[in-house]
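Nothing in this text is a laboratory measurement; each read-out follows from the coordinates by a stated rule. On a predicted model such as this, the values are computed, not experimentally measured, just so you know. For neighbour counting, all protein chains shown are included, and Cβ atoms are generated from backbone atoms with ideal geometry for every residue, glycine included.
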Amino acid sequence: MANLPTNFLISPRKRFIRGLCIILGLSFIVLWFWNKINVWEQKTLWIIDNSLSMTVVDIHTKTGIVISRLDLAKQIAINVSSKIYGEQALMTVNNWAKLELPLTKNNAIFQEITQGITPLFRGGWSSIVTPIEIIRLIYGEVPNLHIIWITDGEFFDSWSTLSGFIVPPNITFIGVGTIAGGPILEWYTPDGFPKYKQSQGEKINSIRDDKKLKKSAQLLDADILLRDDNSLTDIQSLTQKNKSTGNTNSWLLIFWFLLTIVWFVFPRYQYLSSKKTWK
């Protein structure tokens, strides 16, 4: 290196700032690569409530047709899953829970199995404790797991938490149904007439239980969306959860670029007049 004139000295403060830029720049690059890996490995678990209360027909469509809560749940899963990146799995819940499809990138199989989901014609309401425990056993160590849980919120058991998960998942509840509700279809007679669930001679009215949904969302640190029609406008935002890390990557690259500019522009040496000395 050529010798510098004695009035060009290395500034400790500027050397520190340039060194800090290098450290932060390297950190941003490491985070960028880490997030790229996480985006690639992002996983989605769909949970569809197929308990008896999901047979209630109280969902109004734009065409004027009224469909069941379960039909809406399947519509949401089929439409939104095609716009989500990464592997996806499917679970049904009632008074028990069943993993219908393990994590896969085959969306055609996912949609086929989703379309074939039928209600469990016994019991009436669904569990929240059992699914959480089964998910913990199967996916409790899986990073970046996003659970989309479609239900009317009529849980029969106590509250549940994410204690025991090594890597807690992100959860979004989609509450389907109406506040007014409707009767619960129990079975059809041999003549084809519907038989509704009764208590003391009266039809049981099933509603979307917003109170239980909000309480469960609070305990599980979950997001919550409520639907009483088949509009998917706000539900499309679920696909953004899989892209949020990509947005973070963009900001990391911007910060890295700015730090690089500062490193090149910020002088390493400081010119001192003959009257100035280092403090």
task = State, as an integer percentage, the relative contact order of the stretch 42-243 based on alpha-carbon contacts under 8 Å between residues 6 or more apart.
result = 25
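GluC sites (Glu not before Pro), restricted to the stretch 117-196: which are DSSP loop and have at most 16 other Cβ atoms within 10 Å? Don't skip to the end; give the middle numbers.
Values: sites: Glu133, Glu141, Glu154, Glu186; in loops: Glu141, Glu154.
Sites meeting the loop and neighbour criteria: Glu141.
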request  = Kindly write out, for the stretch 42-48 in residue order, the coupling ³J(HN,Hα) from the Karplus curve 6.51 cos²θ - 1.76 cosθ + 1.60 (θ = phi - 60°), rounded to whole Hz, with x marking Gly and Pro.
outcome  = 5, 10, 10, 10, 8, 10, 10
task = Counting other beta carbons within 10 Å of each Cβ, put Asp157, Asp191 in order, fewest first.
result = Asp191, Asp157
message = With only alpha-carbon pairs counted, each pair once and no self-pairs, how large is the Kirkwood hydrodynamic radius of the stretch 42-243 in angstroms?
response = 17.1
